[in-house]
Amino acid sequence: MTTEMDGDGIISAFGQMNFGEKLSARVEVRASDPDGDGPLVHYESIMTESAAYGRDLGKKGPWFEQPREADATVSDFRVYARALAGRGAAALRGAETREGVATVHLTGRFDPEELAVIDSRVARSMAQKGVNGFDCDLWIDQDGRLTRYEQRFATKTYKALNTVIFKDFGPPQAFTAPTVG
């Protein structure tokens, strides 16, 4: 996943995630200084089904346990695919090959009212930022899996592009708690 603000790469995250009833993951995150002075944050996180852990990779810090919200989730990006597919030809951009994978490209805009119905958590987050909806592009492979998600929106102070790439599909991974301290 990458996030750009006003064209500058600000945040990048990569790792493995299990999407399901309860999110579990191992992710490395880097937040860049927009002035190019190096990373502001270089962080690693492990989320098991019962707890969350983190460590500062920039300072080579030890693992520590951090609060895990009982309902910790990542957006189910498939709701956006279903909503766009429901719009029919108006959302269909056509067939494309992305990173060597045959896909169908869908595109559209989600306004606050529709977001409140399909993804209330994102709707609340966008409202708090003063965002009045967002543009979205999705690429779906021949097996019906989402392979790429792009979200564009603007606030009063910046424009943002969030890109999430999904690949290396397989069975759920087991993430174990690290040694704390």
Discussion item. Report the number of Lys pairs in the chain whose alpha-carbons are under 27 Å apart, with separation of 8 or more residues or on distinct chains.
Written reply: 5
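If you average 1/r over all unlike Cα pairs in the chain and invert the result, what Kirkwood radius do you get in angstrom?
Hydrodynamic radius (Kirkwood, Cα pairs) of the chain is 18.0 Å.
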Practice prompt. Go through region 114-131 residue by residue and turn each phi into a ³J(HN,Hα) via Karplus (6.51, -1.76, 1.60, θ = phi - 60°); whole Hz please, and just put x for glycine and proline.
Written response: 5, 4, 4, 7, 8, 7, 4, 5, 5, 4, 5, 4, 5, 4, 5, 8, x, 8
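If you filter region 78-114 for trypsin sites (Lys or Arg not before Pro), then keep DSSP loop positions with at most 12 other Cβ within 10 Å, what is left? Could the numbers behind the result be given before it?
Numbers: sites: Arg78, Arg82, Arg87, Arg93, Arg98, Arg109; in loops: Arg87.
Loop-located and lightly packed - Arg87.
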Discussion item. Could you compute the longest span of the chain free of GluC sites (Glu not before Pro) located in DSSP loops and having at most 14 other Cβ atoms within 10 Å, not counting the site residues?
Written reply: 100-181
Worksheet, complete the sentence: The set of residues whose placed amide H lies less than 5 Å from the amide H of Ser24, leaving out same-chain residues fewer than 5 positions away, is Asn18
Worksheet item: Given +1 on the Cβ of Lys and Arg, -1 on the Cβ of Asp and Glu, and no further charges, what dipole in debye does the chain carry about its Cα centre, rounded to the nearest 20?
Response: 180 debye
Discussion item. Over all directions, the average projected area of the alpha-carbon convex hull for region 75-168 comes to how many nm²?
Written reply: 6.2 nm²
Practice prompt. List Asp119, Asp143, Asp76 from most exposed to least, where exposure is judged by having the fewest other Cβ atoms within 10 Å.
Written response: Asp143, Asp76, Asp119
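Values in this text are rule-based calculations from the coordinates and carry no lab data. None of these values were measured; they are calculated from a predicted model. Don't worry about glycine lacking a Cβ; one is built from the backbone with ideal geometry, like all the others, and counts go over all protein chains shown.
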